[in-house]
Amino acid sequence: MSPLVVITGVGPGTGSAMARRFHDGGYQVAMLARTAERLRVLENELPNAFAVPCDVADPAALATALDTIEQRAGVPRVVIHNAVGGAFGNFLDIEPEILQQNFQINVMALLHLARWVAPRMEAAGGGSLLVTGNTAAYRGKAGFAGFAPSKAAQRVLTESIAREMGPRGVHVSFMMIDAVIDVPSARARFADEPDDFFIQPSDIAEEVWHVTHQPRSAWSFLTELRPFREPW
């Protein structure tokens with residue numbers, strides 16, 4: 001049987017690119033997102049992929065989705081938490097409920113995913129859990145009060161899981177994407193920027209593939225990605 005990857009947050013950019021990369025690499029691909037229509041289009045494009053519409057912020061819905069995946073395809077070899085909740089605004093303007101919702105997506109969904117998959121991966125002899133993040137996980141810029149706290153907590157939780165599960169054969173990693181991802185909304189927002197201003201979703205997907213297939217003697221925890229023009 002083909003190995004299985006579970007990907008949350010399969011949107012029009014990075015999520016779709018990862019689904020295509022793992023599908024091309026011989027995986028079954030379980031795709032989670034709230035937008036069922038987009039998933040159905042990918043499902044028709046990728047014969048070995050299947051849609052699991054789900055709001056990962058809803059613990060009961062996520063648990064049902066994961067049980068459905070396991071019944072259909074078994075235990076995943078790779079899980080990628082790419083779903084993201086974000087909102088911009090300063091701490092005086094942002095509604096507390098927005099930040100709480102982003103914690104549900106970025107942090108609590110990761111906790112539920114890890115609690116479900118880590119014991120199964122350990123019993124199966126290993127696997128990889130990768131979380132996609134960004135620079136908000138490392139700094140609280142003005143206007144990021146509704147987003148950065150949840151991404152910082154996500155990074156720290158990922159590290160805690162990695163320290164627990166690494167010695168038990170499960171590779172856990174955090175990928176920081178310091179870039180503007182090339183999707184239609186970003187192209188519209190940065191209409192005057194050249195092509196090499198953007199990071200390509202397919203290139204992110206290629207690095208995700210690499211990190212999740214590293215040999216055990218040289219596992220990465222933190223990987224940083226940025227276009228060559230992006231200042232450090």
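The values are calculated or read from the model by the stated rules, or taken from the named source; none is laboratory data. Everything numeric in this text was worked out from a predicted model, so none of it was measured. Every residue, glycine among them, receives a Cβ derived from its backbone with ideal geometry; neighbour counts consider all protein chains shown. Heavy atoms of the whole protein, side chains included, go into the accessibility calculation; ligands, DNA and RNA do not. Shrake-Rupley method; radii C 1.70, N 1.55, O 1.52, S 1.80 Å.
Only a single criterion out of (1) out of contact with any helix residue (DSSP H, G or I) (no Cβ under 6 Å at 6 or more places or on another chain); (2) basic (Lys, Arg); (3) at pLDDT 95 or above is not satisfied by residue 21, namely (1). When region 180-232 is limited to residues that are among the hydroxyl-bearing types (Ser, Thr, Tyr) and modelled with pLDDT of 90 or more, the one that is surrounded by the fewest Cβ atoms within 10 Å (Cβ to Cβ) turns out to be 217.
Kindly provide the set of residues from region 71-92 that are out of contact with any helix residue (DSSP H, G or I) (no Cβ under 8 Å at 6 or more places or on another chain) and more than 26 Å from residue 177 (Cβ to Cβ), ordered by number. Within region 71-92, 71, 72, 73, 74, 92 qualify. Tell me, please, whether a residue that is touching a residue at least 12 places away in the same chain (Cβ under 8 Å), surrounded by fewer than 18 Cβ atoms within 10 Å (Cβ to Cβ) and farther than 29 Å from residue 19 by Cβ can be found in region 115-130. There is no residue in region 115-130 that is touching a residue at least 12 places away in the same chain (Cβ under 8 Å), surrounded by fewer than 18 Cβ atoms within 10 Å (Cβ to Cβ) and farther than 29 Å from residue 19 by Cβ.
Out of 147, 174, which single residue is open to solvent by less than 50 Å² (accessible area, probe 1.4 Å), closer than 21 Å to residue 20 by Cα and of a type in the set (Phe, Trp, Tyr)? Spell out the reasoning first.
Values: 147 fails: closer than 21 Å to residue 20 by Cα.
Exactly one residue qualifies, and that residue is 174.
State whether one or more residues within region 132-143 are in contact with a helix residue (DSSP H, G or I) (Cβ under 9 Å, 6 or more places away or on another chain), among the charged types (D, E, K, R) and more than 28 Å from residue 23 (Cβ to Cβ). Before the answer, list the steps.
Filtering region 132-143 down to residues in contact with a helix residue (DSSP H, G or I) (Cβ under 9 Å, 6 or more places away or on another chain) leaves 132-141.
Add one more test, that the residue is among the charged types (D, E, K, R), and what stays is 139, 141.
After this cut, where a residue has to be more than 28 Å from residue 23 (Cβ to Cβ) as well, the list is 139, 141.
Within region 132-143, one or more residues are in contact with a helix residue (DSSP H, G or I) (Cβ under 9 Å, 6 or more places away or on another chain), among the charged types (D, E, K, R) and more than 28 Å from residue 23 (Cβ to Cβ).
Is it the case, given these coordinates, that residue 111 is open to solvent by less than 10 Å² (accessible area, probe 1.4 Å) and either on the phi > 0 side of the Ramachandran plot or touching a Leu at 6+ places or on another chain (Cβ under 8 Å) (or both)? Taking the combined requirement at face value, the residue does not satisfy it. Looking only at region 34-68, residues that are among the aliphatic types (A, V, I, L, M) and either open to solvent by 30 Å² or more (accessible area, probe 1.4 Å) or on the phi > 0 side of the Ramachandran plot (or both) come to 5 in all. Checked against (1) of a type in the set (S, T, N, Q); (2) at pLDDT 90 or above; (3) touching a Gly at 6+ places or on another chain (Cβ under 8 Å), residue 90 meets all criteria but (2). For region 1-58, the set of residues classified as more than 30 Å from residue 100 (Cα to Cα) and β-branched (Val, Ile, Thr) consists of 41 only. Please tell me if residue 105 is surrounded by 17 or more Cβ atoms within 10 Å (Cβ to Cβ), over 15 Å from residue 153 (Cα atoms) and touching a residue at least 12 places away in the same chain (Cβ under 8 Å). No: the conditions fail for residue 105.
Would you confirm, using the coordinates I've provided, whether residue 29 is under 23 Å from residue 206 (Cβ atoms), touching a Phe, Trp or Tyr at 6+ places or on another chain (Cβ under 7 Å) and open to solvent by less than 10 Å² (accessible area, probe 1.4 Å)?
On the way: under 23 Å from residue 206 (Cβ atoms): yes; touching a Phe, Trp or Tyr at 6+ places or on another chain (Cβ under 7 Å): yes; open to solvent by less than 10 Å² (accessible area, probe 1.4 Å): yes.
So residue 29 passes the test.
Residue pairs whose Cβ atoms lie under 9 Å apart, sitting 6 or more positions apart in sequence or on different chains, and linking a residue in region 199-215 that is closer than 11 Å to residue 20 by Cβ and free of Cβ contacts under 8 Å to residues at least 60 places away in the same chain to a partner that is outside any helix (DSSP H, G or I) and among the aromatic types (Phe, Trp, Tyr), do not occur here.
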